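Coordinate-derived values only; no laboratory data. All values reported here derive from a predicted model rather than from experimental measurement. Here the Cβ positions follow ideal geometry from the backbone for every residue, glycine too, while neighbour counts run over all protein chains shown.
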2 protein chains.
Amino acid sequence: MKLNELGLLVVISGPSGVGKGTIRKALFEIPDNNFCYSVSMTTRKPREGEVNGVDYFFVSHEEFATRIKENRFLEYAEFVGEYYGTPKDYIEKKLDEGKEVIMEIEVQGALKVREQKPEAVFIFIVPPSKQALYDRLTKRGTEKGIEIQRRVEKAEREYNLAYKYDYIVVNDDVANAADRIYAIIRAEHAKTERSIHKYYKLMEGNQS
Amino acid sequence: MKLNELGLLVVISGPSGVGKGTIRKALFEIPDNNFCYSVSMTTRKPREGEVNGVDYFFVSHEEFATRIKENRFLEYAEFVGEYYGTPKDYIEKKLDEGKEVIMEIEVQGALKVREQKPEAVFIFIVPPSKQALYDRLTKRGTEKGIEIQRRVEKAEREYNLAYKYDYIVVNDDVANAADRIYAIIRAEHAKTERSIHKYYKLMEGNQS
């Protein structure tokens with residue numbers, strides 16, 4: 001019996017190249033989960049095969065701007081002329097339904113989410129060593145040395161923000177990391193501050 | 001990879017009759033665990049079959065009194081002329097070895113432990129309903145109504161101390177409750193405040 005019946009917003013973050021996407025995928029393969037993705041909203045055009053409401057919510061620049069004014073994003077950012085944001089209303093609806101909403105997001109975005117949703121669970125994914133991350137960043141594409149260097153420096157700046165998160169999970173093994181995140185979600189539901197109200201309600205029942 | 005290599009002191013507590021002992025037993029049946037019991041110290045004589053250092057540490061009244069003076073107990077109590085206490089040094093040794101030390105203790109004792117070991121993990125076990133606990137308390141022995149009433153009133157007073165714990169776990173199903181405690185232990189190891197020092201040490205490694 002789970003005392004806290006509302007879902008949790010679980011923010012999975014960490015430096016680029018650390019394997020956030022792979023871990024998220026492994027997490028959704030856990031049987032009998034009640035996870036759902038946080039679907040982002042964007043002004044960019046859908047690519048072939050992308051479905052509105054599944055891959056993204058596709059909206060016009062005008063609608064995006066209106067939603068910014070109405071404070072309807074947990075965070076948003078602009079990237080080469082297009083906007084990307086996390087709509088609040090979708091997440092709140094899913095949390096009320098008791099779903100765990102899994103958000104995979106880079107470090108700056110995660111810290112913006114934290115400002116608006118301090119009760120969410122913030123997990124920082126780290127590589128098993130600096131070398132492991134460096135290897136991943138250099139193997140990733142066809143970029144030149146300077147681009148790789150830029151990435152490594154960004155990752156190093158982000159490392160130092162780990163203290164702003166609730167949990168640190170090492171990605172030494174994907175299944176292991178996903179399993180640890182699942183344990184964190186279960187534990188968070190049992191936390192006294194999330195469950196005590198329901199508990200006292202349970203105890204109000206009369207004894208015969 | 002577990003960033004925090006020290007063991008955790010896990011305090012399992014809750015009102016009498018809630019099934020703490022059964023849950024503790026189920027917890028130790030989890031495969032590949034590195035749990036160990038917190039072995040209490042007592043002045044009472046060993047019963048047949050009881051082994052010193054396993055069931056209890058058996059000591060004289062003199063030794064117990066000396067240890068009280070030396071502040072070597074996390075908590076102790078007297079019961080019909082005999083003393084029972086939780087020795088600090090044994091627990092610290094096991095934690096240093098990386099063992100999770102599982103302590104099953106009644107509510108008053110747990111709150112004393114909290115004063116000395118605020119970094120321990122405090123879990124409050126609750127029945128799925130007030131009725132369920134009442135049923136267990138009344139079925140337990142051959143006591144008369146007044147003794148049952150006394151127990152129920154004690155349990156009701158203890159209910160109200162749930163807010164002093166870190167987690168509330170419902171004992172609706174023993175395996176489930178043990179599994180949730182295991183999730184809590186894993187999550188606690190990943191908590192930023194327990195793991196960040198090791199994490200930064202890991203990141204100090206040179207990149208090639």
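Before moving on, here are some points about what is shown:
- Cα-based helix-to-principal-axis angle, A:130-139 vs chain A, degrees rounded to 10: 60
- Spin-label model distance (nm) - B:VAL174 vs B:ASP32, 7 Å beyond Cα toward Cβ: 2.5
- Using a 7 Å Cα-to-Cβ projection, B:GLY49 label spacings across copies, nm, ascending: 6.5
- Label-point separation in nm, B:LYS93 to A:GLU63, each point 7 Å along Cα→Cβ: 6.8
- Legend: calculated FRET efficiency, A:LYS112 to B:ASP135, from the Cβ-Cβ distance at R0 = 51 Å, rounded to 0.05, equals 0.50.
- Take each residue of peptide B:177-190, count the partner chain Cβ atoms within 10 Å of its Cβ, and average: the result is 6.
- Counting only other chain Cβ atoms within 10 Å of each residue's Cβ, the peptide B:160-169 averages 5.
- Largest GNM mean-square fluctuation across A:LYS25, A:LYS88, A:LYS139, computed for chain A with C-alpha springs under 10 Å, falls on A:LYS139.
- DSSP loop GluC sites (Glu not before Pro) with at most 14 other Cβ within 10 Å: longest gap in chain B: B:144-203
- Largest GNM mean-square fluctuation across B:VAL152, B:VAL11, B:VAL80, computed for chain B with C-alpha springs under 10 Å, falls on B:VAL80.
- Chain lengthening between A:GLU193 and A:GLU70 when straightened (0.36 nm per residue, less Cα-Cα): 41.2 nm
- Tilt relative to chain A, helix A:192-203 - C-alpha long axis, 0 to 90 degrees, to 10: 20
- Rounded tilt (10° steps) of B:145-159 against the dominant C-alpha axis of chain B: 20
- Shape category assigned to the range B:39-97 from the gyration tensor of Cα positions, a/c cut at 1.5: oblate
- Fraction of antiparallel bridges per DSSP, the protein assembly as shown only, in percent to nearest 5: 35
- Separation between Cα centres of the range A:1-76 and the range B:27-76, rounded to whole Å: 51
- With its label point defined 7 Å out from Cα along the Cα-to-Cβ axis, B:ILE68 lies at 7.0 nm from the matching points of the other copies, in increasing order.
- For chain B: rounded, prolate or oblate by the Cα gyration tensor [a/c cutoff 1.5]: oblate
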